[in-house]
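Report on the structure given below.
The values are calculated or read from the model by the stated rules, or taken from the named source; none is laboratory data. As the structure is a prediction and not an experimental result, all values here were calculated from the model. Ideal geometry is used to build each Cβ from the backbone, glycine not excepted, and the neighbour counts take in all protein chains shown.
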Amino acid sequence: MKELEIFEYEGAGYDRTMNFETWRVAIANFGEKFDREIYDKLERHLLTDEVFVLLSGSASLIIGKDMKEYVLEPGKIYNVKKGVWHNVLLEKDAKVLIVENHNTSLENTEYYNFKGEN
């Protein structure tokens, strides 16, 4: 039996870095999905809260259809409650840790395209 696993992700975008039983830890680095200049969707998860922790760089959470912006501070835990519309936007230097249920998927997530296409 392993007593320790070490994971990292240095690529662009989102990576489901590790899973255990009912939860998942992911890492997000800057990529198209998180680019402030081109994002056009909010999402909400129907079965899970989602936690964001800024590890380095600059990032913001966009919350609700009114798109209130929260600038993330390093080391603070931001818990987006189940069913809340949100998106996370990353600057090119950002790295964000994300924790959610392992079974989070397209089947239990809804999307809102605020630029008119759903």
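Looking at the structure I just gave you, is TYR112 under 14 Å from HIS45 (Cα atoms), outside any loop (DSSP other than H, G, I, E, B), out of contact with any Asp or Glu (no Cβ under 7 Å at 6 or more places or on another chain) and among the aromatic types (Phe, Trp, Tyr)? So TYR112 fits the description; yes.
Quick check on this structure: which one of VAL84, VAL88 is part of a loop (DSSP other than H, G, I, E, B) and either of a type in the set (A, V, I, L, M, F, W, C) or more than 11 Å from the chain's Cα centre (by Cα) (or both)? Exactly one of VAL84, VAL88 is part of a loop (DSSP other than H, G, I, E, B) and either of a type in the set (A, V, I, L, M, F, W, C) or more than 11 Å from the chain's Cα centre (by Cα) (or both), namely VAL84. Among all positions in segment 49-60, there is at least one residue which is at pLDDT 95 or above, surrounded by 14 or more Cβ atoms within 10 Å (Cβ to Cβ) and in contact with a Ser or Thr (Cβ under 9 Å, 6 or more places away or on another chain). Mind checking whether some residue in segment 65-76 is surrounded by fewer than 17 Cβ atoms within 10 Å (Cβ to Cβ), in a loop (DSSP other than H, G, I, E, B) and within 13 Å of the chain's Cα centre (by Cα)? No: segment 65-76 contains no residue that is surrounded by fewer than 17 Cβ atoms within 10 Å (Cβ to Cβ), in a loop (DSSP other than H, G, I, E, B) and within 13 Å of the chain's Cα centre (by Cα).
In segment 86-105, the residues that are in contact (Cβ under 8 Å) with a residue 24 or more places away in the chain and basic (Lys, Arg) form Cβ pairs under 7 Å with partners that are surrounded by 15 or more Cβ atoms within 10 Å (Cβ to Cβ) and in a loop (DSSP other than H, G, I, E, B), at six or more places apart or across chains, as follows: LYS92/PHE30; LYS95/GLY57.
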